[in-house]
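First comes the structure, then the notes that go with it.
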Amino acid sequence: MELRQASDTTVDGVPIHGGTEVVPLLRAGLLRAETLVDIRGVVSRGVADGRIGAGVPLAEIECDPQVPEVLREACRLAASPQLRNMGSLGGNLLQATRCWYWRLNWPCRLHDGDECFAREGEHREHAIFANDFCASAHPSDVAAALLALDATLTTSRRELPLAGLYRLPTDDDRRTTTLDPGELILDVRYDKPDASVYLKAMERKRWAFPLVGVAAVRRGATTRVALAGVAPIPWLLDGFESAAPLPRNAYKVDVAKALVKRATAAVAG
Ligand SMILES: Cc1cc2nc3c(=O)[nH]c(=O)nc-3n(C[C@H](O)[C@H](O)[C@H](O)COP(=O)(O)OP(=O)(O)OC[C@H]3O[C@@H](n4cnc5c(N)ncnc54)[C@H](O)[C@@H]3O)c2cc1C
Ligand code: SF4
């Protein structure tokens, strides 16, 4: 989701798949579209060994035994059954931030303003890493699982690592993804892991966004760990030294450390 589509900009040709994100944003006036382009007939819905079409609903991924545990569990713990039936893999990767200031259309930095209201205001659920410019916490469990899997995306224009889909917003460029207008995600691919797991801390036991999500994937002696809900983009963990919690979200550091410990123990050979 291109976050700067809010405000006064009307966008021509917005892709829509399940619409679970596009429709609420249109209703809230955060997205103004001249036309919607139904991409359900264009984007693949197949699941094969090591490849998943971007049009596959989360509900199909969570129960397919070919899919690694980390991704199945990330899908199973996301949203509600109804949303998982409608919501596609591609749409999940491009969902917009849940930051309440952004959703209420406050003129914050992701809306091209010059202030991050969350940093000084309510930020209990916000980012603990890379939160200087914008403290939003990336909400996708699925993206964290794919980042830990070191997945590759095929788009209508190129191939790129999952990590390359995302960028931290800056003063010069407020976007949080690198997707060009009109560029579609077609599928994702990954090598099979030896072991993998997804653990999620959330406000309720079901149907809540991740306060912290931890994906761990082991291949041979190497374990790759990625986190959801801790930075403006899905976060590949390289230790906790760079964590910079805000006054009311330091608890996330403790939660993340505990879940990382459990997840790495669970996938240990
Ligand atoms: C109440 C609620 C709770 C949720 N909880 C969670 C949660 O706990 N964890 C979690 O991970 N997610 C959660 N979600 C997100 C949910 O999984 C996504 O809304 C859903 O997967 C989006 O898929 P969609 O097909 O409906 O996307 P759409 O609404 O159709 O599209 C979303 C965005 O992606 C773009 N798009 C869609 N497909 C493509 C494509 N193939 N190529 C390029 N652009 C594309 C659209 O233009 C739009 O910008 C929640 C959503 C809601 C509403
Ligand atoms: S964290 Fe700050 S800049 Fe980012 S979306 Fe929220 S209010 Fe805007």
**OP:** Report the extension gain between residue 258 and residue 28 in nm, rounded to one decimal, defined as 0.36 nm multiplied by the number of residues separating them, less their alpha carbon distance.
**Re:** 79.1 nm
**OP:** Could you tell me which chymotrypsin sites (Phe, Trp or Tyr not before Pro) in the range 129-207 are loop residues by DSSP with no more than 16 other beta carbons within 10 angstrom of their beta carbon?
**Re:** 133, 207
**OP:** For the range 187-244, run through the trypsin sites (Lys or Arg not before Pro) and keep only the ones in DSSP coil with at most 12 other Cβ atoms within 10 Å of their Cβ.
**Re:** 204, 205, 206
**OP:** Please report, in debye to the nearest 20, how large the charge dipole of the range 43-267 is about its Cα centre when each Lys and Arg carries +1 at its beta carbon and each Asp and Glu carries -1 there.
**Re:** 700 debye
Original post:
So for 209, 240, fewest C-beta neighbours within 10 Å to most, what's the order?
Top reply: 240, 209
Original post:
So who's got an amide H within less than 5 Å of the one on residue 151, skipping anything under 5 residues away but keeping other chains? H placed 1.01 Å off N, in plane.
Top reply: 162
Original post:
So which DSSP H runs in the chain come out at 15 Å plus along the axis (Cα) with average Kyte-Doolittle of at least -1.0?
Top reply: 251-267
Original post:
Can you give the helix-only mean residue ellipticity at 222 nm for the chain, where every DSSP H stretch with n ≥ 4 adds -39500 (n - 2.57) and the sum goes over all residues, rounded to the nearest 500 deg cm²/dmol?
Top reply: -5500 deg cm²/dmol
Subject >> Inter-probe distance in nm under a simple model that places probes 7 Å from Cα toward Cβ, at residue 250 and residue 183 >> reply: 4.0 nm
Subject >> Farthest positive-ward along the chain dipole, Cα basis, beta-carbon charges - from 92, 29, 214 >> reply: 214
**OP:** Can you tell me the FRET efficiency between residue 156 and residue 195 if r is taken as the Cβ-Cβ distance and R0 is 41 Å, rounded to the nearest 0.05?
**Re:** 0.75
Subject >> the range 154-253: GluC sites (Glu not before Pro) in DSSP coil with no more than 14 other Cβ atoms inside 10 Å >> reply: 183, 203, 241
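Which FRET efficiency value, to the nearest 0.05, do you get for residue 104 and residue 265 by plugging their Cβ-Cβ distance into 1/(1 + (r/R0)^6) with R0 = 45 Å?
On the way: r = 40 Å, r/R0 = 0.90.
Efficiency at R0 = 45 Å is approximately 0.65.
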Subject >> Sites residue 219 and residue 122, calculated FRET efficiency, Cβ-Cβ separation with R0 51 Å, nearest 0.05 >> reply: 0.80
**OP:** Please give the length that would be gained between residue 207 and residue 82 if that part of the chain were fully extended, namely 0.36 nm times their separation in residues minus their C-alpha to C-alpha distance (nm, one decimal).
**Re:** 44.0 nm
Original post:
Relative to the Cα centre, what is the charge dipole magnitude of the range 144-183, using +1 at the beta carbon of each Lys and Arg, -1 at the beta carbon of each Asp and Glu, and rounding to the nearest 20 debye?
Top reply: 80 debye
Subject >> Pairwise centroid distance, computed over Cα atoms, of the range 10-75 with the range 247-269, Å >> reply: 29 Å
Original post:
Taking K and R as +1 and D and E as -1, what net charge do the other residues with C-beta under 14 Å from the C-beta of residue 198 add up to?
Top reply: +2
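Only the coordinates and a few stated rules stand behind these numbers; no lab work does. No experiment lies behind these values; they were computed from the predicted model shown. So basically every Cβ, Gly included, is an ideal-geometry build from the backbone, and we count neighbours across all protein chains shown.
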